[in-house]
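Taking it in order: structure first as structure tokens, then the write-up.
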Number of protein chains: 2
Amino acid sequence: MKVLITGGAGFLGRRLAHKLVARGSLKGTDGRDQAIDEIVLLDVVPAESLADARIRMIVGDIADASLLRRAIDRGVGSVFHLAAIVSGEAEADFDLGMRVNVDACRSLLEACRAAGHQPRVVFTSSVAVYGSDLPATVLDSSALNPQSSYGTQKAIGELLINDYSRKGFIDGRVLRLPTIGVRPGKPNRAASSFASGIVREPLNGEQSTCPIAPETRVWLLSPRKAIEGLILGHELPAQALGSSRIVNLPGVCVTAYEMVAALERVAGAEAAKRVRWERDEVTNRIVASWPGAWDTRRAEALGFSGDADFDSIIRAYIEDELSSAFAGRA
Amino acid sequence: MKVLITGGAGFLGRRLAHKLVARGSLKGTDGRDQAIDEIVLLDVVPAESLADARIRMIVGDIADASLLRRAIDRGVGSVFHLAAIVSGEAEADFDLGMRVNVDACRSLLEACRAAGHQPRVVFTSSVAVYGSDLPATVLDSSALNPQSSYGTQKAIGELLINDYSRKGFIDGRVLRLPTIGVRPGKPNRAASSFASGIVREPLNGEQSTCPIAPETRVWLLSPRKAIEGLILGHELPAQALGSSRIVNLPGVCVTAYEMVAALERVAGAEAAKRVRWERDEVTNRIVASWPGAWDTRRAEALGFSGDADFDSIIRAYIEDELSSAFAGRA
């Protein structure tokens, strides 16, 4: 069978593709293991280093409904819908966010429905669907009240995935991800970009700015655990999910201050000193509106797991992404 | 100023129009009382009995974005967006529900945004946004988990109204209505249609079928109180609403059994005997997924009120809609 990964040229998309190649199979529409013949990465930019002949790239606009209809035929057993306009950018450009985060999501679901074989669709949602007057630990039964356009758009995507699944058009799963960090590469326009930057840049000997208050809590998951979660979320039988396809994945709760303290423990005081505290009110407001922790009992009962602590997250980043010199220190 | 009422030919739309004519003014974009010069009813069918020269009808498709752009100019201070495909029909025709309940809602919000003066928009939502494993009394902090396409579509509308308001594109208000009954007229394709039918038809000497289990709880509001609520919801200052534009309006919680018992008390045993109990599983599943009651403290603090009990709702219906013969009995 074929697997489609939207946003496939992104960091998580590429990493997922390589993991799936190594794995070799996924459960198909019928819930039975099927060999992966092809992985299609759909993105607006080409992916770097397609290391395997089974990985194919389609460069195009995710909001182009006809492209989606062509890409999603009956051979596509599984779709990982990762493409999104990130939080900071969706806040700055409302129409772009609606076009990609809502319209393209809906076009994708319609293409899956038209294919007629109920493909599995794994949709990544976010802490940003919550907001405003949250309890210290958010429960599965807590109301959403997004305080950003990104969160609003993701919440709409969640509702659609649930209803398309209930109607039998797709077999959908929504994984609400904590902030994913530490990511390799460059800063992006996510309000949460700092959560990678304040570790990644100092480890590279560069300065980094933390735009949020030291006491602001962040709910974090490493890329490793996120990829594990995406695959486990795909493999779960539909009946395990009950009346809601949404699972809040486990994370670790740390303040920005604690993140820098962990950086100091793992990489030394010099690294920690490269973090400059310079509050950006827009970013701080968005990040502070997200839950610092949520109840993970449902996820754990389904087999998901998070990281042990932020120190482990930094060490995993060093192992996965940095030179052997750093790996030695970790 | 002008007031636009979508779904204006419907029962609530017409009643609201007449109430606004009698009232003569509403708060405008600036929050100050403004005389109502014109009330525009937009609907796919013409409204009966336009009793006042200030009421004008536009017959057209609410999903026609260009029609909405023409209808919503800078003279429109207020929009009451009541047009919707009802629950039973949206469940039977998914695409029609999406087109009217989601796409037309968004086109309307875009037309308001394009007008540029932040018109007040009152959007009616529903008990149907909730569903599955609800507490006995739903709180404002309870998660939505709609178990119907109608509920999903209304929940998407709510998210849009909140975000368009947060962004300053509109000054929106979402009133989550209990099931509105007793409505005059004929049964419609709402799953809740029975809640009017099992009173209205027996009062007219006709048989009526109750498709839900006698013990199923329903959360009800009379048309009188609903119209009061729409106007009060419009008049509230934005700052009274805080970070969520959504208000759950008060209702009365009764079982189907208790509704018929109230009918017997108000209109006699003969009337009550005209109700036939004949379960329809699809309808019962939808109605039973809705909350039987929700916490109304926020609404009450804002000045909203519900009906005293279901007996009063029946009496109000008799007063408002039926001949003096019935009014005498009540």
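Table for the structure above
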| quantity | calculated |
| --- | --- |
| Criterion: over 23 Å from B:ALA104 (Cα atoms), under 22 Å from the mean Cα position of the chain (by Cα) and modelled with pLDDT under 95 - qualifying residue of B:LEU50, B:LEU20, B:LEU26 | B:LEU50 |
| Options A:ALA9, A:ALA17; residue that is on the phi < 0 side of the Ramachandran plot and assigned to a helix (DSSP H, G or I) | A:ALA17 |
| Matching residues in the stretch A:153-191 - criterion: being within 30 Å of A:ILE318 (Cα to Cα) and in contact with a Leu (Cβ under 9 Å, 6 or more places away or on another chain) | A:LEU175, A:ARG176, A:LEU177, A:PRO178, A:THR179, A:ILE180, A:GLY181, A:VAL182, A:ARG183, A:PRO184 |
| Wholly enclosed helices (runs of 4 or more DSSP H) of the stretch B:136-238 bearing at least 1 residues within 14 Å of chain A (Cβ to nearest Cβ) | B:149-166 |
| Complete set of residues in the stretch A:162-203 that are out of contact with any strand residue (DSSP E or B) (no Cβ under 8 Å at 6 or more places or on another chain) and more than 27 Å from A:VAL282 (Cα to Cα) | A:ASP163, A:ARG166, A:LYS167, A:GLY168, A:PHE169 |
| Qualifying residue in the stretch B:186-202 (condition: surrounded by fewer than 24 Cβ atoms within 10 Å (Cβ to Cβ) and over 19 Å from the mean Cα position of the chain (by Cα)) | yes |
| B:SER208 being surrounded by fewer than 24 Cβ atoms within 10 Å (Cβ to Cβ), more than 19 Å from the chain's Cα centre (by Cα) and not assigned by TED's automatic domain parsing to the domain that holds B:ILE314 | no |
| The stretch A:311-329 residues that are under 12 Å from A:GLY181 (Cα atoms), paired with ones that are of a type in the set (S, T, N, Q) and at pLDDT 95 or above (beta carbon under 6 Å, 6 or more apart) | A:ILE313/A:SER222; A:ALA316/A:SER222 |
| Residue in the stretch B:183-195 that is of a type in the set (Phe, Trp, Tyr), at pLDDT 95 or above and closer than 30 Å to B:ALA272 by Cα present | yes |
| Scan of the stretch B:91-119 for residues that are among the small types (Gly, Ala, Ser), assigned to a helix (DSSP H, G or I) and closer than 22 Å to A:MET98 by Cβ, ordered by number | B:GLY97, B:ALA104, B:SER107, B:ALA111, B:ALA114, B:ALA115 |
| Filtered residue count, the stretch A:123-135, keeping only those that are of a type in the set (Phe, Trp, Tyr) and at the interface with chain B (Cβ under 7 Å from one of its Cβ atoms) | 0 |
| Which numbered condition A:LYS167 fails, given (1) crowded, with 19+ Cβ neighbours inside 10 Å; (2) closer than 30 Å to B:PHE94 by Cα | (1) |
| Residues located in the stretch B:147-181, provided they are under 22 Å from A:LEU160 (Cα atoms) and either without any contact (Cβ under 8 Å) to a residue 40 or more places away in the chain or in contact with a Cys (Cβ under 7 Å, 6 or more places away or on another chain) (or both) | B:THR152, B:ALA155, B:GLY157, B:LEU159, B:LEU160, B:ASP163 |
| Output for the stretch A:7-43, where each listed residue is within 19 Å of A:PRO184 (Cα to Cα) and in contact with a strand residue (DSSP E or B) (Cβ under 9 Å, 6 or more places away or on another chain) | A:GLY7, A:GLY8, A:ALA9, A:GLY10, A:PHE11, A:LEU12, A:GLY13, A:ARG14, A:LEU16, A:ALA17, A:HIS18, A:ASP43 |
| Whichever residue in the stretch A:246-285 is in a strand (DSSP E or B) and not aliphatic (A, V, I, L, M) and, among such residues, is farthest from A:ARG298 (Cα to Cα) | A:ARG276 |
| Hey, B:ASP43 at negative phi, among the acidic types (Asp, Glu) and within 21 Å of the chain's Cα centre (by Cα) or not | yes |
| Residue within the stretch B:160-174 that is of a type outside the set (Ser, Thr, Tyr) and in contact with an Asp or Glu (Cβ under 8 Å, 6 or more places away or on another chain) present | yes |
| Residue among B:VAL40, B:VAL79, B:VAL44 that alone is in the same structural domain as B:GLY157 (by TED's automatic domain parsing), in contact with an Asp or Glu (Cβ under 8 Å, 6 or more places away or on another chain) and not acidic (Asp, Glu) | B:VAL44 |
| Meets criteria (under 19 Å from the mean Cα position of the chain (by Cα), farther than 14 Å from B:GLN153 by Cβ and β-branched (Val, Ile, Thr)) for B:VAL79 | yes |
| Checking B:VAL44 against (1) in contact with a helix residue (DSSP H, G or I) (Cβ under 9 Å, 6 or more places away or on another chain); (2) surrounded by fewer than 18 Cβ atoms within 10 Å (Cβ to Cβ); (3) of a type in the set (A, V, I, L, M), the condition it does not meet | (1) |
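Okay, residues lined up against (1) surrounded by fewer than 15 Cβ atoms within 10 Å (Cβ to Cβ); (2) of a type in the set (A, V, I, L, M):
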{"site": "B:MET259", "(1), (2)": "no, yes"}
{"site": "B:GLU278", "(1), (2)": "yes, no"}
{"site": "B:ALA288", "(1), (2)": "no, yes"}
{"site": "B:PRO291", "(1), (2)": "no, no"}
{"site": "B:THR296", "(1), (2)": "no, no"}
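Residue-wise test of (1) closer than 30 Å to B:ASN248 by Cβ; (2) crowded, with 18+ Cβ neighbours inside 10 Å; (3) among the aliphatic types (A, V, I, L, M).
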{"position": "A:MET98", "(1), (2), (3)": "yes, yes, yes"}
{"position": "A:CYS105", "(1), (2), (3)": "yes, yes, no"}
{"position": "A:GLY116", "(1), (2), (3)": "no, no, no"}
{"position": "A:PRO119", "(1), (2), (3)": "no, yes, no"}
{"position": "A:THR124", "(1), (2), (3)": "no, yes, no"}
{"position": "A:ASP133", "(1), (2), (3)": "yes, no, no"}
{"position": "A:LEU139", "(1), (2), (3)": "yes, no, yes"}
{"position": "A:ASN145", "(1), (2), (3)": "yes, yes, no"}
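The values are calculated or read from the model by the stated rules, or taken from the named source; none is laboratory data. All of these numbers come straight from a predicted model, not from anything done at the bench. Methodologically, a virtual Cβ is constructed for each residue, glycine included, from the backbone with ideal geometry; neighbour enumeration extends over all protein chains shown.
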